[in-house]
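Asker: Provided herewith is a single structure, encoded as structure tokens, for subsequent inquiry.
The values are calculated or read from the model by the stated rules, or taken from the named source; none is laboratory data. The shown structure was predicted, so the numbers you read here are calculated from the model rather than taken from an experiment. Reconstructed Cβ throughout: ideal geometry from the backbone, glycine too, with neighbour counts over all protein chains shown. These accessible areas exclude ligands, DNA and RNA; they are computed on the full protein's heavy atoms, side chains included. Shrake-Rupley method; radii C 1.70, N 1.55, O 1.52, S 1.80 Å.
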Amino acid sequence: MEANNNKHLPPKYDHKSIEADRYGFWLQGNYFEATGDPEKEPFSIVIPPPNVTGRLHLGHAWDTTMQDTVARMKRMQGYDVLWLPGMDHAGIATQAVVEAKLKEEGKSRYDLGREKFIDTVWDWKEEYADFIREQWGKLGLGLDYTRERFTLDEGLSNAVQEVFIKLYEKGFIYRGEYIINWDPSTKTALSDIEVIYEEVEGKFYHMRYPIKGSEETIEIATTRPETMLGDTAVAVHPEDERYKHLIGEKVVLPIVGREIDIVADDYVDMEFGSGAVKITPAHDPNDFDIGNRHNLERVLVMNEDGTMNKNAGKYDGMDRFECRKAIVADLQAEGVLFEIEDHTHQVGHSERSGAVVEPYLSTQWFVNMQPLADRSVELQKTDDKVNFVPNRFEQTYLHWMENIRDWCISRQLWWGHRIPAWYHKETGEVYVGKEAPADSENWEQDTDVLDTWFSSALWPFSTMGWPDEDNEDFKRYFPTDVLVTGYDIIFFWVARMIFQSLEFTDEAPFKDVLIHGLIRDADGQKMSKSLGNGVDPMDVIDKYGADALRYFLLTGSTPGQDLRFHWERVEATWNFNNKIWNASRFVLMNLEGFEYEDIDLTGELSLPDQWILTRLNETIEHVTQNTDKYEFGEAGRYLYNFIWDEFCDWYIEMAKISLYGEDEAQKQTTRSVLAHVLDQTLRMLHPYMPFITEEIWQQLPHEGESITVAAWPQVNPTYQNDTAVAEMDRVMGIIKSVRNIRAEVDTPMSRKVTMMIQTQTDTIAEELEANRLFIERFCNTEALTIGTNIDVPEEAMSAVVTGAELFLPLAGLIDFEKEIARLEKELEKWEKEVNLVQKKLSNEGFVAKAPENVVEAERQKEKDYLEKREMVEKRLAELKK
RNA sequence: GGGGCAUUAGUUCAGCGGGAGAGCGCUUGGUCGACAACCAAGAAGUCAUAGGUUCAAAUCCUAUAUGCCCCACCA
């Protein structure tokens, strides 16, 4: 390779050097800052804030790449784009990680005390925040860091307090003693959706409780025998003939010796088990309700850490599962427990810690969800509804909202927003407000913090200055345009943002919600730490570059579907980048001394020029439309094919004829087309692959500082030329046919021939004549004869294209039998096509009912196929003579 | 128990009313001034099954099968 040829770009695509400094360049140019420019229309997205504890995984990379792609396109389309970054304090998750670290040092949070512990977590937060920002940079995300937020920032904390207090004042937040999901390992309450139910092979324990003052017993069954220590009744159905006579009688609770009532309640299913149920109001939500209806005592038999308490009598201090074993043994010994059956059932586990969740009686804060949910459901019946993409997730969302249950929002943690409630030390009176009442020494603040999702739910507006409704950002960028997130957090986050936003801003927080799936490994397994099958996006970037990773993520699946990670596909994308790189090298090599101002498309355009410009138009239209619809896969693939199959494989190859020719004017036009098409293509590709496109664009003749702020391509009707596309199709058809023939007989001799093309009409002959140079070169033939009536040599191979038949005279090289066989196969093919199309056209229903253009297209096909069949038939007859 | 998604070439996936597509893999041939991580040519699919709607179904509807995922208080 000549040294002067590669002065622009190095000969090999090297993602590392390309991506190394580019992010800094963008940040320095402030291209990602929302300007507030009143001339521009605002467009806003808030990032789903990642947890500060973790490094970003592929799911984050996927999620944020989609946002970046939309944001970058909108920025290029002239919008004032705000993409707001930030992070989530992630209460349980973060506290658990830091506590685990402390444990390694032999310490617990109690050793440090609340304040010191929180300081430690803040240190962690800072460290991970830096990691995360670094990873965002590696991914090339166009975030406006001047507006970065953290859920525990002063402003956001203020918003959280404001919301809590307002909801309390409205009566939408209450405090009470209820059965909640308790995680004994982290010693905190959980909301319903933080509990994951898993099928577990358990046991079903059948017992007989003795009836007081009788020989009779009543059979009950349970999966959690240790809770019998807290039983305060046995319930039967009021209509159950078997037990009617026992209602009002008493049962003597084995081991405990407590006398408890037999009560009647509709809740009991007569068909299930024995039809009698033990009631433990302090350890089961249904039993709690039954307990309320019958005024039953609530006996709590466990401590917060899952050990038994003093109400458990001799089991006091035992772990709950140890106790289960012990109590089973004891009950068996007493003959009370008479059968243990295998039983698979659903057991709740903490989403975060994995511990078996205990239904537990405790005093917590709740949000009364019904009025808030009602409003969210109503919204979807109006024109202002949130548009879910894909739409089916709206059903998922609505179903949850319509069956909403109250939200337990207090958490017994230290890391989070402390609940703004104070209790009077003596009277126990409750005060809710940002500060303690005047006689503050008599009041104590609630020690609990709020569910992390309570603050995330305010994210779209708390990050923009709310509750200050005069804040410029809030006024300009809220509501946001689109939210991008996975289907796994529709309930946790999307739903809650919607109802909080409606309540406090009277608007939905976003117009569109783009929902994506989960990333899986190559075998379709969910990526997880425990399986060890996770792939670090930074490793992928290291190996193949952020552009390759991004393109893979964007084009790897359709909206809402899961995505399997395949290294081979990332590698294939790298190859695509290498292709773009080399095509660009070629273009640059031929643009010596060519400036942006030199781009001039007013000269005489060749057929390939006209064709590629038309195809560019169509590509612009297709890519713009599909990116707007979040169909990144469709848009990305279209660009891929345009670049590789059309621009590289055809246009560049044909451009060489002009570039290596003598005609200076023509050469200048070709350069213009090359520069223009590559420039426009890079712009479209930029939201998908920001690094490589910027790098090349900077080398190309260009106008402006950065492709990030270059104008998005527009369809240019001047260059729309459908005739050129048809002509080019014919030329390409001829070339492909010849290559096909050559594949069978390719020798140096076979090139020294005069190829002949017999056309159906003079028009076609003229058309081909105008492009004879391309045909000659690409067909690798010495000479070419074109005409409507030419002398066809006998010893020739032939092929048909629409409107023409071509011959390659190959005297002495042809195996006639093979050629006849080949043509017979060809004939068979056209025969089949003709039959198919004629069958369609002879169907009266089709002709009468199908749209005009469809019928017309079929007629055209019929004509074409008939012609081709005839040509092949004729040739065959000649050969057979 | 309720709901959703998937089923298309060896494989991973697009296409979602009018002629079955792509990447990878496979076969054959290629060192000619961007790229061998490339070029050219090619093989390969009763579009899960059965019905229905329609002039026309991979595409819409209804069942069935298989796999996956949500939701639900059955002790």
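Asker: Using the Kirkwood radius over C-alpha pairs as Rh, can you work out the diffusion coefficient of segment A:596-704 via Stokes-Einstein at 25 °C, viscosity 0.890 mPa s, in µm² per second?
Answerer: Working: Rh = 14.5 Å.
Result for D is 169 µm²/s.
Asker: Here's something else I'd like to know. Give, in nm to one decimal, the length gained when the segment between residue A:342 and residue A:329 is fully stretched (0.36 nm per residue of separation minus the Cα-Cα distance).
Answerer: Result for the pair: 3.0 nm of gain on full extension.
Asker: Using modelled backbone amide H atoms (1.01 Å from N, in-plane), which distant-in-sequence or interchain residues come within less than 5 Å of residue A:702's amide H?
Answerer: A:596
Asker: Can you find, among A:29, A:553, A:132, the residue sitting farthest towards the positive end of the charge dipole of chain A, where Lys and Arg contribute +1 and Asp and Glu -1 at Cβ?
Answerer: Of the candidates, A:553 comes out farthest on the positive side.
Asker: Looking at the P(r) of segment A:581-660, how many percent of alpha-carbon pairs lie beyond 16 Å? Spell out each step's value before the answer.
Answerer: Details: 1890 of 3160 pairs.
I get 60 percent for the Cα pairs in segment A:581-660 exceeding 16 Å.
Asker: Any chance you could get the radius of gyration and Dmax over the Cα atoms of segment A:122-201, in Å?
Answerer: Reported Rg and Dmax, both Å: 18.9, 53.
Asker: Sticking with this one: Looking at this model, which pairs from A:101/A:138; A:244/A:314; A:736/A:880; A:736/A:874; A:187/A:543; A:103/A:425 are more than 31 angstrom apart at the alpha-carbon? Numbers along the way, then the final one.
Answerer: Values: A:101/A:138 28 Å; A:244/A:314 35 Å; A:736/A:880 26 Å; A:736/A:874 22 Å; A:187/A:543 43 Å; A:103/A:425 34 Å.
From A:101/A:138; A:244/A:314; A:736/A:880; A:736/A:874; A:187/A:543; A:103/A:425, over 31 Å: A:244/A:314; A:187/A:543; A:103/A:425.
Asker: Out of residues 5 or more away from residue A:436 or on other chains, whose amide H comes under 5 Å of its own, with H placed 1.01 Å from N in the peptide plane?
Answerer: none
Asker: Further question on the same structure: So what J values fall out for segment A:144-157 if you push phi through Karplus, 6.51 cos²θ - 1.76 cosθ + 1.60 with θ = phi - 60°, rounded to Hz, Gly and Pro as x?
Answerer: 8, 5, 5, 10, 4, 10, 9, 5, 9, 4, 4, x, 5, 5
Asker: Beta carbons within 10 angstrom, averaged per residue: use that to sort the peptides A:817-827, A:46-56, highest first. Show your work: numbers first, answer last.
Answerer: Values: A:817-827: 14.9, A:46-56: 21.5.
Averaged packing, sorted descending, gives the order A:46-56, A:817-827.
Asker: Near the amide H of residue A:264, under 5 Å away, which other amide H atoms are found, from residues 5 or more places off or on another chain, if H is placed in the peptide plane?
Answerer: A:236
Asker: Between rounded, prolate and oblate, where does segment A:37-191 land on the alpha carbon gyration tensor, with a ≥ b ≥ c its root eigenvalues, rounded for a/c under 1.5, else prolate if a/b exceeds b/c? Don't skip to the end; give the middle numbers.
Answerer: Working: a/c = 2.39, a/b = 1.48, b/c = 1.61.
Verdict is oblate for segment A:37-191.
Asker: Which of rounded, prolate or oblate describes segment A:503-606 when judged by the alpha-carbon gyration tensor and an a/c cut-off of 1.5?
Answerer: On the way: a/c = 3.15, a/b = 1.55, b/c = 2.03.
It is oblate, given that a/c is not under 1.5 and a/b is not larger than b/c.
Asker: Order of A:221-227, A:320-326 by packing, highest average Cβ count within 10 Å first?
Answerer: Working: A:221-227: 20.9, A:320-326: 17.0.
Going by the mean number of other Cβ atoms within 10 Å, highest first, we get A:221-227, A:320-326.
Asker: I would also like to ask the following. Suppose all protein chains stay in the model; what accessible area per residue would a 1.4 Å probe give for segment A:282-327, in Å²?
Answerer: Numbers: 2350 Å² over 46 residues.
So segment A:282-327 comes to 51 Å² accessible per residue, rounded to a whole number.
Asker: Would you tally the net charge around residue A:531, using a Cβ to Cβ cut-off of less than 12 Å, leaving residue A:531 out, and scoring K and R as +1, D and E as -1?
Answerer: On the way: positive: A:520, A:526, A:529; negative: A:521, A:523.
Local net charge: +1.
Asker: To the nearest 10 Å², what's residue A:574's accessible area with a 1.4 Å probe?
Answerer: 50 Å²
Asker: Kindly rank A:607-619, A:775-787 from highest to lowest mean number of other beta carbons found within 10 Å of each residue. Mind dumping the intermediate values first?
Answerer: Working: A:607-619: 22.5, A:775-787: 16.7.
Averaged packing, sorted descending, gives the order A:607-619, A:775-787.
Asker: Helix A:852-880 versus the longest principal axis of chain A: what is the Cα-based angle in degrees, 0 to 90, to the nearest 10?
Answerer: The angle comes out near 50 degrees.
Asker: Give me the net charge of residue A:373's neighbourhood, meaning all other residues with Cβ under 13 Å from the Cβ of residue A:373; Lys, Arg count +1, Asp, Glu -1.
Answerer: On the way: positive: A:375, A:405, A:496; negative: A:374, A:378, A:402, A:406, A:503.
Result for the neighbourhood of residue A:373: -2.
Asker: For chain A, give me the percentage of DSSP beta bridges that are antiparallel, rounded to the nearest 5 percent.
Answerer: In chain A, approximately 70 percent of DSSP beta bridges are antiparallel ones.
Asker: Convert each backbone phi in segment A:536-552 into a coupling constant with the Karplus relation 6.51 cos²θ - 1.76 cosθ + 1.60 (shift: θ = phi - 60°), then list the ³J(HN,Hα) values in order as whole Hz, x for Gly and Pro.
Answerer: So the Karplus estimates, Gly and Pro as x, are 7, x, 5, 5, 5, 4, 4, 6, 10, x, 5, 4, 5, 4, 4, 4, 4 Hz.
Asker: Write down, largest first, the equivalent ellipsoid semi-axes of segment A:403-527 in whole Å, where each equals the square root of 5 times an eigenvalue of the alpha-carbon gyration tensor. Spell out each step's value before the answer.
Answerer: Numbers: eigenvalues 232, 95, 28 Å².
One finds semi-axes of 34, 22, 12 Å for segment A:403-527.
Asker: What is the gain in length, in nm to one decimal, between residue A:435 and residue A:877 on full extension, counting 0.36 nm per residue of separation less the C-alpha to C-alpha distance? Mind showing how you got there, number by number?
Answerer: Numbers: separation 442, 0.36 × 442 = 159.12 nm, distance 10.11 nm.
Fully extending the segment from residue A:435 to residue A:877 adds 149.0 nm.
Asker: Using helices alone, what [θ] at 222 nm do you get for chain A, with -39,500 (n - 2.57) per DSSP H run of 4 or more residues, divided over all residues and rounded to the nearest 500? Don't skip to the end; give the middle numbers.
Answerer: Numbers: 30 runs with 379 residues, N = 881.
Helix-only estimate at 222 nm: -13500 deg cm²/dmol.
Asker: Sticking with this structure for a sec: Note down the magnitude of the dipole of chain A about its Cα centre, charges +1 on Lys and Arg C-beta and -1 on Asp and Glu C-beta and zero elsewhere, to the nearest 20 debye. Before the final figure, lay out the partial values.
Answerer: On the way: 95 positive and 160 negative charges, 306 e Å.
Dipole of chain A, to the nearest 20 debye: 1480 debye.
Asker: Using +1 at the C-beta of Lys and Arg and -1 at the C-beta of Asp and Glu, which of A:404, A:811, A:189 has the Cα lying farthest in the positive direction of the dipole of chain A?
Answerer: Of the listed residues, the answer is A:811.
Asker: Convex hull over the alpha-carbon atoms of segment A:719-789: what's its volume per residue in Å³?
Answerer: 91 Å³
Asker: So what are the ³J(HN,Hα) numbers for segment A:69-83, from phi and the Karplus equation (6.51, -1.76, 1.60; θ = phi - 60°), rounded to whole Hz, Gly and Pro as x?
Answerer: So the J values, rounded to whole Hz, are 4, 5, 4, 5, 5, 4, 4, 5, 7, x, 7, 8, 8, 10, 10.
Asker: Roughly speaking, to the nearest percent, how much of segment A:433-532's 1.4 Å accessible area is carbon and sulfur? It would help to have the intermediate numbers written out before the result.
Answerer: Working: 1650 of 3760 Å².
Ligands and nucleic acids excluded, carbon and sulfur reach 44 percent.
Asker: With all protein chains present, how much of the accessible area of segment A:790-881 (probe radius 1.4 Å) comes from carbon and sulfur, to the nearest whole percent?
Answerer: 49 percent
Asker: In Å², and per residue, what accessible area does segment A:74-149 have when probed at 1.4 Å with the other protein chains present?
Answerer: 42 Å²
Asker: Give me the extension gain from residue A:841 to residue A:17: residue separation times 0.36 nm, minus the current Cα-Cα distance, reported in nm with one decimal. Intermediate results must be reported in sequence, preceding the final value.
Answerer: Details: separation 824, 0.36 × 824 = 296.64 nm, distance 5.98 nm.
Residue separation times 0.36 nm, minus the Cα-Cα distance, leaves 290.7 nm.
Asker: Same structure, new question: Reported to two decimal places, what Rg/Rh ratio describes segment A:28-121 when computed on Cα atoms with Rh from the Kirkwood expression?
Answerer: Working: Rg = 19.2 Å, Rh = 16.1 Å.
With Rg and the Kirkwood Rh in hand, the quotient comes to 1.19.
Asker: To continue, here is another question. How far is helix A:567-589 tilted off the main Cα axis of chain A, in degrees rounded to 10, range 0 to 90?
Answerer: 40 degrees
Asker: Expressed as an acute angle from 0 to 90° and rounded to the nearest 10, what is the orientation of the C-alpha long axis of helix A:320-333 relative to the principal long axis of chain A?
Answerer: In chain A, helix A:320-333 runs at an angle near 60 degrees to the longest axis.
Asker: Residues with beta-carbon under 12 Å from that of residue A:785, excluding residue A:785: net charge, scoring Lys, Arg +1 and Asp, Glu -1?
Answerer: Values: positive: A:772; negative: A:769, A:776, A:782, A:791.
Charge balance in the 12 Å sphere: -3.
Asker: I've got another one for you. For segment A:78-97 and segment A:187-249, what is the centre-to-centre distance using only Cα atoms, to the nearest Å?
Answerer: Taking the Cα centre of segment A:187-249 as reference, the centre of segment A:78-97 is 45 Å away.
Asker: Shifting gears a bit: Diagonalise the Cα gyration tensor of chain A and give the resulting equivalent ellipsoid semi-axes, square root of 5 times each eigenvalue, largest first, whole Å. Present the calculation step by step, with values, prior to reporting the outcome.
Answerer: Values: eigenvalues 1015, 253, 115 Å².
Semi-axes, largest first: 71, 36, 24 Å.
Asker: Toward the positive end of the charge dipole of chain A, about the Cα centre and with charges on Cβ (Lys, Arg +1; Asp, Glu -1), which of A:706, A:616, A:423 goes farthest?
Answerer: Sorting the options by dipole projection puts first A:616.
Asker: Dipole size in debye (nearest 20) for segment A:105-248 around its Cα centre, Lys and Arg Cβ +1, Asp and Glu Cβ -1? If you can, show how the numbers build up before the last one.
Answerer: Numbers: 19 positive and 30 negative charges, 59 e Å.
For this selection, approximately 280 debye.
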